[in-house]
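Only the coordinates and a few stated rules stand behind these numbers; no lab work does. These numbers come from a predicted model, not from an experiment. Don't worry about glycine lacking a Cβ; one is built from the backbone with ideal geometry, like all the others, and counts go over all protein chains shown.
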Amino acid sequence: MKKIIFSALIAFLFVFNAQAQEASSSSQDYSKWQARFRIISVIPSPGDNLDGLDVDISTSFVPELDFTYFFTKNIAAELILGTTKHDVEVGDNLSNIDLGHVWLLPPTLNLQYHFYAGDFKPYVGAGINYTIFYGVDEGDVAGMDYENSFGFSFQAGVDYSLNDKWFLNLDLKQLLLSTDVDVDTGAGVLPVEVDINPFIIGLGVGRKF
């Protein structure tokens, strides 16, 4: 599955890079490509199917990089790249069990519509992501196994032009993301369905090409 996703992303970049090169010889009133660098806050909204216990997943602050290709002046596709580390606990009102930490790599592809209002360019988008879980630390249990999974992405944001090339960016995203987790308690394996559903707030700078 990882090879399929990677191949699809490579094909996406190859096809639209070829289109951008074809269009470069003609005059355009907008830039075909742009890139952004953001600092993001990833705020999970966890849920689970455990009776009497709640999963808690920590908030993470990390850098993020994205690349956007414009099919037209208004319609674009954005590939979002970043990775986050989250501490995980499970418990009730009396005590918690440390489930260690896990890294998430959720490459996300959104289709966007951009509006124009002077130096401001609001946009909305929606798409899909495929989240890869890695770098697992088991904490106080014998083992943790996270299943990689697909999810949906919803997005809204605004770019503010500083000049012809550079702009500021504010971006909000909601990922609908769940995973199946096998928790090895030492006495047996406990299967758990965990909703992560992170809300992501990003602030950064971008450049047009």
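Assorted remarks:
- Cα centroid of the range 133-209 to Cα centroid of the range 24-96, whole Å: 5
- Approximate shape of the range 76-142 as ellipsoid semi-axes (Cα gyration tensor, √5λ), whole Å, largest first: 38, 15, 9
- Cα-based Rg / Dmax (Å) for the range 115-173: 18.7, 57
- Note on Phe61 and Phe37: the model spin-label points, each 7 Å out from Cα along the C-beta direction, lie 1.8 nm apart.
- Helix axis angle, 2-23 relative to the chain longest principal axis, alpha carbon, degrees: 10
- Magnitude of the charge dipole for the chain, about its Cα centre and with charges confined to Cβ atoms of Lys, Arg (+1) and Asp, Glu (-1), is about 1720 debye.
- Extreme residue, positive dipole direction of the chain, given options Phe37, Phe167, Ile196 (C-beta unit charges): Phe167
- Each residue of the range 126-143 was assigned a 3J(HN,Hα) from its phi angle through the Karplus curve 6.51 cos²θ - 1.76 cosθ + 1.60 (θ = phi - 60°); the sequence is 7, x, 10, 9, 10, 9, 9, 9, 8, x, 6, 10, 7, x, 8, 10, 6, x Hz, with glycine and proline shown as x.
- Difference of contour (0.36 nm per residue) and Cα-Cα distance, Ser161 to Phe115: 15.2 nm
- In the chain, lysine pairs with alpha-carbon atoms under 17 angstrom apart (chain gap of 8 or more, or interchain): 11
- Paramagnetic label zone (point 7 Å from Cα along Cα-to-C-beta, Ala126; backbone N under 13 Å) in the range 144-165: 152-156
- Debye intensity ratio I(q)/I(0), log10, the range 71-188, q values 0.10, 0.14, 0.15, 0.16 Å⁻¹ (C-alpha model): -0.46, -0.72, -0.77, -0.83
- Computed from point charges on the beta carbon alone (+1 for Lys and Arg, -1 for Asp and Glu), the dipole magnitude for the range 100-209 about its Cα centre is near 960 Debye.
- In units of the rule-of-thumb radius 2.2 N^0.38 Å, the chain shows an alpha carbon radius of gyration of 1.18.
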